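The values are calculated or read from the model by the stated rules, or taken from the named source; none is laboratory data. No experiment lies behind these values; they were computed from the predicted model shown. Neighbour counts run over all protein chains shown; Cβ positions are idealised from the backbone, glycine included.
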Amino acid sequence: KAKVSAEFIKSVKGNRDGKLILVTAINPTPAGEGKTTTTVGLGDGLNRIGKKAIVCIREASLGPNFGVKGGAAGGGLAQVVPMEDMNLHFTGDFHAITTAHNLLSALIDNHIYWGNELGIDTRRVAWRRVMDMNDRALREIICSLGGVANGYPREAGFDITVASEVMAILCLATDLKDLEKRLGDIIVAYRRDKSPVYARDLKADGAMAVLLKDAMQPNLVQTLENNP
C-alpha cells in the first residue's frame, strides 16, 4: 500500500484523458459478489488483453466490515490486496476524517460554552458527531451532561464517518486550497434569526484542512494479478 503524491498528480495533469467505465450497484447476492468483484475482474481482464486499465474503488468503511455486509476488497481471484489492511485501518484516512469532523463538533460546543459570541441557537446545531462504527446506541444522544463545566445539555448524535460532509468534501476537493475553502463553507448551526453559522466563522477550516492533508492523496494498492 502507498500514497500517490500531489507532485505526481500535477506532473500528469496534461496527459490525455482515458475512458471511464462506471460499475453501478446491484442487489446483494448470497455469495457477496457485487460492485468491487465485478470492477476488479474487469480491470484484470482489460490488462490481460493489453489495455492500460486502473481500477478505482472506494475504501471500505470499518463499521459494515464487522456486519453482514463484510469487507469491500472483492473476492476469489478478483481481489485487491492487502485485503486485511484495506478493510481495517488502511492508511488512516477515515481516522483523519473522523478527527477533523469531531474537531468541528468540539469547537461548536466550546464556542457556546465560552459566551456564544456568534449567537448560535443551541436548538439548531446541525453538526452531529461521527465514528467509523455501526453503534445504534449512539445514533441519538443527550450530550454535555454532568454540570456547568461540561456545557449546555442538548440533543445530539453520531453518524457513521463516511456519511460526514467532510467525506464528501474530501472527494470533491482538487487541492488543499480548495479543500480549505469547501470546509469553511460547511453550515454548522443557525442563529435565532435563522441565519447560518459557517465553519469559517469558528476559524475551524484551517485546522481541519491540516488534519486532512495526507488523506487528500489517493491510495495505491494492487489486484492479485499485480494491476493497479
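Things to note:
- Note on the range 162-186: among residues that are out of contact with any Asp or Glu (no Cβ under 9 Å at 6 or more places or on another chain) and β-branched (Val, Ile, Thr), the one that is farthest from Ile97 (Cα to Cα) is Thr174.
- The condition of being under 15 Å from Tyr152 (Cβ atoms) and among the basic types (Lys, Arg) holds for only one of Arg124, Arg128, that being Arg124.
- Of all the criteria given as (1) closer than 19 Å to Ala60 by Cα; (2) touching a Gly at 6+ places or on another chain (Cβ under 6 Å); (3) of a type in the set (A, V, I, L, M, F, W, C), the one not satisfied by Ala199 is (1).
- Output for the range 6-32, where each listed residue is over 18 Å from Gly43 (Cβ atoms), modelled with pLDDT of 85 or more and out of contact with any helix residue (DSSP H, G or I) (no Cβ under 9 Å at 6 or more places or on another chain): Glu7, Phe8, Ile9, Lys10, Ser11, Val12, Lys13, Gly14, Asn15, Arg16
- Checked against the criterion of being more than 19 Å from the chain's Cα centre (by Cα) and surrounded by 13 or more Cβ atoms within 10 Å (Cβ to Cβ), the candidates Gly70, Gly32, Gly115, Gly76 yield just one match: Gly32.
- Within the range 142-168, tally of residues that are in contact (Cβ under 8 Å) with a residue 60 or more places away in the chain and of a type in the set (A, V, I, L, M): 4
- Test: residue in the range 145-163 that is within 25 Å of His89 (Cα to Cα), in the same structural domain as Thr99 (by TED's automatic domain parsing) and among the polar types (S, T, N, Q): yes
- Candidates Thr24, Thr39 - the one that is within 23 Å of the chain's Cα centre (by Cα), polar (S, T, N, Q) and surrounded by 15 or more Cβ atoms within 10 Å (Cβ to Cβ): Thr39
- Elements of type strands (runs of 3 or more DSSP E) in the range 31-141, at least 1 residues being more than 20 Å from Val162 (Cα to Cα) and free of Cβ contacts under 8 Å to residues at least 60 places away in the same chain: 120-125
- Remark: pairs (first residue in the range 182-206, in the same structural domain as Leu170 (by TED's automatic domain parsing); second residue in a loop (DSSP other than H, G, I, E, B) and buried (at least 20 other Cβ atoms within 10 Å of the Cβ); Cβ separation under 6 Å; 6+ apart in sequence or on different chains) = Val188/Trp127; Ala199/Ile186.
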